[in-house]
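The values are calculated or read from the model by the stated rules, or taken from the named source; none is laboratory data. What you see is a predicted model, and the numbers here were worked out from it, not measured in a lab. Heads up, the Cβs are rebuilt from the backbone with ideal geometry, glycines too, and the neighbour counts pull from every protein chain shown.
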Amino acid sequence: MPLKIPTIDCSQGDAETLFAELREKLSPRGDVVSAAGRQRTIELFGEPLSPQQVVEQICSDVRDQGLPALLSYTSKLDQKDLTAETIRVSTDEIAAAHATADESFLKTVRQIRDNIMEFQTAILSSDVSVVRENGNSQVELRQRYLPLRRVGICVPGGAAAYPSTVLMTAVPAQAAGVQEIAIVVPPTEFGAYNVDMLATCHELGITEIYRVGGAQAVASLAYGVEGIERVDKIVGPGNLFVALAKRHVFGEVDIDSIAGPSEVIVLADESANPKFIASDLISQAEHSPGSGVLITWHAALIDAVRDELEKQLNQLSRGDLARQCLEDYGAFILARDEDEAIRLTDLLATEHLHISTSNPEAILAKVQNAGAIFLGHYTPVALGDYVAGPSHVLPTGGTARFANGLCANDFLKRSSIISYNKSALIGDADAVQTMADKEGLTAHRASVDLRLENEN
């Protein structure tokens with residue numbers, strides 16, 4: 001069956017409508033659920049709750065009832081009966097997984113860890129000090145950065161194992177100096193019982209791993225339950241329920257983002273190789289859900305990429321899943337020229353942007369919105385997903401217009417420190433008094449006046 005990816009020709013009158021529909025499909029939503037999912041919700045909760053309502057119920061129960069609710073939901077949703085003693089992966093199990101892991105895999109883990117640490121350490125914020133001196137007057141202003149004490153990481157484990165997520169979240173936290181890292185991962189063969197995932201944790205020195213996933217895992221980290229201490233921040237990807245739960249508990253704890261399906265835009269000209277572009281589009285679509293969009297002003301490239309997609313999808317084990325995602329969430333966009341292509345790219349504000357042109361640096365200078373940007377024909381997105389160094393936890397659903405990818409600095413909290421001597425206070429007193437009078441905050445003024453009441 002021919003691949004049914006819509007083509008949006010910006011020279012046609014209905015292009016704006018089609019583009020608006022594409023933007024809507026890629027935007028973050030929490031109110032859509034399949035018929036099977038709706039039936040499952042009725043079976044578990046007795047009524048057809050929306051995903052948001054499901055998350056609110058789960059989080060409320062875990063907050064109020066603690067560990068019993070966490071274990072109950074793990075049994076109902078994951079069909080895994082755990083106890084207070086078995087919910088945490090033991091250090092012996094972690095060590096045993098490491099001992100049986102393939103040595104070539106462990107070597108790769110160490111290589112990736114070193115790459116991430118090198119980059120994340122290089123971008124780490126450091127303390128700043130500003131001193132103002134005028135005669136006897138001295139003001140010292142500082143910005144101090146300290147690592148968060150305790151961080152929780154959500155690692156997916158439903159349809160595949162993701163040791164790369166452990167690396168891309170935990171290593172930036174370690175670069176920042178976070179001492180306590182707790183990982184929650186579903187109790188599945190791809191999650192808490194996966195050798196590669198556990199071996200990766202062992203390589204990073206992480207020993208606190210819990211067999212729990214979904215909204216209930218997020219709630220346990222945010223509120224704390226018996227045996228799981230609450231954290232200061234929750235990071236990491238997950239399904240719709242994980243994303244909605246993170247949004248729900250924000251304020252109780254900090255979060256990195258509300259992540260949606262993976263997505264890529266390939267911005268390409270006539271110099272691009274259709275084979276390369278097709279592989280980039282498929283690589284994100286195979287996450288299922290995932291989106292791949294080609295934006296070009298070279299019409300012949302669209303037909304060439306469509307042909308390549310047909311060939312490659314038929315040769316891949318997850319080709320059927322990727323095909324469905326490309327048909328549901330993909331598009332070919334034919335812009336009038338380079339400038340329009342860049343404008344449309346910024347409107348979609350994608351998670352991954354691959355600039356596959358003859359002069360990618362020139363395009364880069366004009367681009368505003370993207371989570372991670374990949375330059376040139378030989379920089380596939382998979383490099384950023386696995387090995388380069390920046391984290392692969394990135395803003396999705398158009399949020400790259402204001403949000404950032406995860407990095408070591410997100411695990412730091414900052415405090416401003418202000419120090420005045422008496423002469424400096426005298427010098428700035430008038431400004432404080434004037435503003436306090438304008439705002440009617442008499443105690444603010446008094447806090448200065450009392451200190452200067454014996455001064456001429």
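Key figures
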item	result
Tally, over segment 190-207, of residues that are farther than 24 Å from residue 249 by Cβ and assigned to a loop (DSSP other than H, G, I, E, B)	5
Residue 243 at pLDDT below 95 and of a type in the set (A, V, I, L, M)	yes
Any hit, segment 272-288, residues being touching a residue at least 40 places away in the same chain (Cβ under 8 Å), over 24 Å from residue 372 (Cβ atoms) and not assigned by TED's automatic domain parsing to the domain that holds residue 156	no
Output for segment 280-303, where each listed residue is buried (at least 18 other Cβ atoms within 10 Å of the Cβ) and either in contact with a Pro (Cβ under 8 Å, 6 or more places away or on another chain) or in a helix (DSSP H, G or I) (or both)	280, 281, 282, 283, 284, 285, 287, 290, 291, 301, 302
Candidates 403, 362, 382, 431, filtered to the one that is more than 29 Å from residue 298 (Cα to Cα) and either part of a helix (DSSP H, G or I) or basic (Lys, Arg) (or both)	431
Of the criteria (1) more than 17 Å from the chain's Cα centre (by Cα); (2) part of a helix (DSSP H, G or I), which one residue 187 fails	(2)
Any chance residue 210 is under 28 Å from residue 76 (Cβ atoms), modelled with pLDDT of 95 or more, of a type in the set (Ser, Thr, Tyr) and not in a helix (DSSP H, G or I)	yes
Unmet criterion (only one of (1) at pLDDT below 95; (2) within 30 Å of residue 71 (Cβ to Cβ)) for residue 134	(2)
Segment 342-359, residues that are surrounded by 16 or more Cβ atoms within 10 Å (Cβ to Cβ) and either in contact with a Leu (Cβ under 7 Å, 6 or more places away or on another chain) or not in a helix (DSSP H, G or I) (or both)	345, 348, 349, 350, 351, 352, 353, 354, 355, 356, 357
Only listed residue being modelled with pLDDT under 75 and farther than 26 Å from residue 325 by Cβ, chosen from 13, 37	13
Residues satisfying the stated conditions in segment 385-400, i.e. farther than 18 Å from residue 156 by Cβ and either in contact with a Leu (Cβ under 7 Å, 6 or more places away or on another chain) or not in a loop (DSSP other than H, G, I, E, B) (or both)	398, 399, 400
Residue match in segment 123-138 (condition: touching a helix residue (DSSP H, G or I) at 6+ places or on another chain (Cβ under 6 Å), within 24 Å of residue 186 (Cα to Cα) and not aliphatic (A, V, I, L, M))	no
Residue count, segment 326-355 (criterion: closer than 19 Å to residue 261 by Cα, in contact (Cβ under 8 Å) with a residue 60 or more places away in the chain and touching a helix residue (DSSP H, G or I) at 6+ places or on another chain (Cβ under 8 Å))	13
Some residue of segment 52-68 being at pLDDT 85 or above, among the small types (Gly, Ala, Ser) and either surrounded by fewer than 12 Cβ atoms within 10 Å (Cβ to Cβ) or not in a loop (DSSP other than H, G, I, E, B) (or both)	yes
Residues of segment 369-379 satisfying the condition of being surrounded by fewer than 17 Cβ atoms within 10 Å (Cβ to Cβ) and either assigned by TED's automatic domain parsing to the domain that holds residue 120 or outside any loop (DSSP other than H, G, I, E, B) (or both)	375
Failed criterion for residue 254 (all others in (1) farther than 19 Å from residue 379 by Cβ; (2) crowded, with 24+ Cβ neighbours inside 10 Å hold)	(2)
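This table checks each residue for (1) out of contact with any Pro (no Cβ under 8 Å at 6 or more places or on another chain); (2) within 22 Å of residue 52 (Cα to Cα); (3) part of a helix (DSSP H, G or I); (4) of a type in the set (D, E, K, R).
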{"position": "215", "(1), (2), (3), (4)": "yes, yes, yes, no"}
{"position": "218", "(1), (2), (3), (4)": "yes, yes, yes, no"}
{"position": "230", "(1), (2), (3), (4)": "yes, no, no, yes"}
{"position": "258", "(1), (2), (3), (4)": "no, yes, no, no"}
{"position": "267", "(1), (2), (3), (4)": "yes, no, no, no"}
{"position": "270", "(1), (2), (3), (4)": "yes, no, no, yes"}
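Yes or no, residue by residue, for (1) outside the structural domain of residue 243 (by TED's automatic domain parsing); (2) surrounded by 15 or more Cβ atoms within 10 Å (Cβ to Cβ):
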residue	(1), (2)
81	yes, no
85	yes, no
107	no, no
114	no, no
127	no, no
134	no, no
156	no, yes
